[in-house]
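Everything on this sheet refers to the single structure shown next.
Read-outs: derived from the displayed coordinates by stated rules, not from any lab. Treat the numbers as computed from the prediction; the structure is a model and nothing was measured. Cβ sites come from the backbone with ideal geometry, for glycine too, and all protein chains shown count toward neighbours.
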Amino acid sequence: MRNNIILNEPLSRHTSWKVGGPADIFFTPNDRKDLSDFLKSNDCIITWLGNGTNILVRDAGVRGAVISTRKSLNKIELIDQSNYLVEVGVSCFQLAMYATKNNFGPAAFFSGIPGSIGGALTMNAGCFGNETWEFVKSVEVMDRNGEIHQLDPKEFSISYRSVGFPFPLWFLSCVMSFPEEGFTTIEELKSMRDSRLERQPLTENTCGSVFKNPDGNYAGDLIERSGLKGFRIGGCAVSEKHANFIVNDKEATASDIETLIKHIQKTVKDHYGIDLETEVRIIGEYHE
């Protein structure tokens, strides 16, 4: 296990915004036993990290241990014709490609989610009219004591971009069930990719969508109509391509990004009386 532990690891190396201070302990488990042993032998605060999208790590970093599954727990296994075991380290794009190669679906929408399956489960990620938990039949989780549980989706409170847990836990895998009729095609993936490339700054350093869409509105539209496209603070700016994206294009700090997030929220509130709620998760500590 010691070979998988790094002390004071800069989290800017592990987040899509390329910002963030150090983790006191950065741990990459090889498997479930490795993870269980670590949790049983460490009583520090634990933060879970997947592909590093949809997260802003503050400049002073994260105390305790950050556990990354990006290089582990990354298998997909066929259970039967329509059910698949998907581990949390699998990227959403990998799942979409697997669906294409193995003629099942509809799973093409996962290609539009930038993170991992673990992150998608945590926030009920979605795009193109579908959401992750629509297809979840059961989940395998680990508690703070390193014990594994099998849970039914009914034990969670699931809503738009939000999932309430029955107790403190981390996802290990899920069984996904897809309708037998229809399947994911490479043409669908290409079409969705081209659509996103045209409308979103996918080749730049972003976290994905920053804000949730309020009821009856689109966050990007509200931000654009508030005159904020291209608005800059420090090394980051509201994307000219899609206003619900913040781009780190000039070596921004996490403080730059968080300040811009708050400015966007205040401006939209002043213009439309709407409170924009962040979709991105903000963690870590400020510099004193």
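Below is a table of values for the structure above.
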| quantity | calculated |
| --- | --- |
| Inter-label distance for His287 and Asp152, nm, one decimal - labels placed 7 Å from Cα along Cα-to-Cβ | 5.2 nm |
| Spin-label pair Glu180/Arg13, simplified geometry with 7 Å Cα→Cβ offset, distance in nm | 4.9 nm |
| Neighbourhood charge, 14 Å Cβ-Cβ cut-off, centred on Ser36 and excluding it, Lys, Arg +1 and Asp, Glu -1 | -2 |
| Helical contribution to [θ] at 222 nm, DSSP H n ≥ 4, -39,500 (n - 2.57), averaged over the chain, rounded to 500 | -7000 deg cm²/dmol |
| Selection of GluC sites (Glu not before Pro), the range 160-197, meeting DSSP coil and at most 12 other Cβ within 10 Å | Glu180, Glu181 |
| Calculated FRET efficiency for the pair His271/Leu85, C-beta based, R₀ 45 Å, to 0.05 | 0.45 |
| Karplus-derived 3J(HN,Hα), 6.51/-1.76/1.60, for each residue of the range 216-228, Hz, glycine and proline x | x, 9, 10, 4, x, 5, 4, 5, 5, 6, 8, x, 9 |
| For peptides 265-278, 233-246, sequence by mean Cβ density within 10 Å, most packed first | 233-246, 265-278 |
| For Thr100, Thr206, Thr185, order by how many other beta-carbon atoms lie within 10 Å, fewest first | Thr185, Thr100, Thr206 |
| Candidate aspartates and glutamates - alpha carbon under 20 Å from Lys266, same-chain residues fewer than 8 apart omitted | Asp215, Asp221, Glu224, Glu240, Asp256, Glu258, Asp275, Glu277, Glu279 |
| Gly105 long-range amide H proximity, modeled H, under 5 Å | Thr184 |
| Members of Lys137/Lys269; Lys18/Lys190; Lys33/Lys137; Lys18/Lys71; Lys71/Lys137 lying beyond 29 Å, as alpha-carbon distances in this model show | Lys137/Lys269 |
| Label point distance in nm, Lys75-Thr203, each placed 7 Å from Cα along Cα→Cβ | 3.8 nm |
| Residue-wise HN-Hα coupling along the range 250-256, computed from phi with Karplus coefficients 6.51, -1.76, 1.60 (Hz; x: Gly, Pro) | 9, 6, 5, 9, 4, 5, 4 |
| Net charge of neighbours whose Cβ lies under 11 Å from the Cβ of Ile45, counting Lys and Arg as +1 and Asp and Glu as -1 | 0 |
| Amide H partners (placed H, <5 Å) of Thr47, local residues excluded | Ala65, Val66, Ile67 |
| Sites matching chymotrypsin sites (Phe, Trp or Tyr not before Pro) across the range 107-216 that sit in DSSP coil, with at most 12 neighbouring C-beta atoms within 10 Å | Tyr160 |
| ³J(HN,Hα) computed for each position of the range 35-47 - Karplus, 6.51 cos²θ - 1.76 cosθ + 1.60, integer Hz, glycine/proline x | 5, 4, 4, 5, 5, 5, 9, 10, 9, 6, 5, 10, 10 |
| (1) 18.8; (2) 21.0; (3) 19.8, with the label sought being that of the calculated Kirkwood radius over Cα pairs in Å | (3) |
| Sites matching trypsin sites (Lys or Arg not before Pro) across the range 82-176 that sit in DSSP coil, with at most 13 neighbouring C-beta atoms within 10 Å | Arg144 |
| Stretchable slack from Lys250 to Ser162, in nm (0.36 nm times residue separation minus alpha-carbon distance) | 28.5 nm |
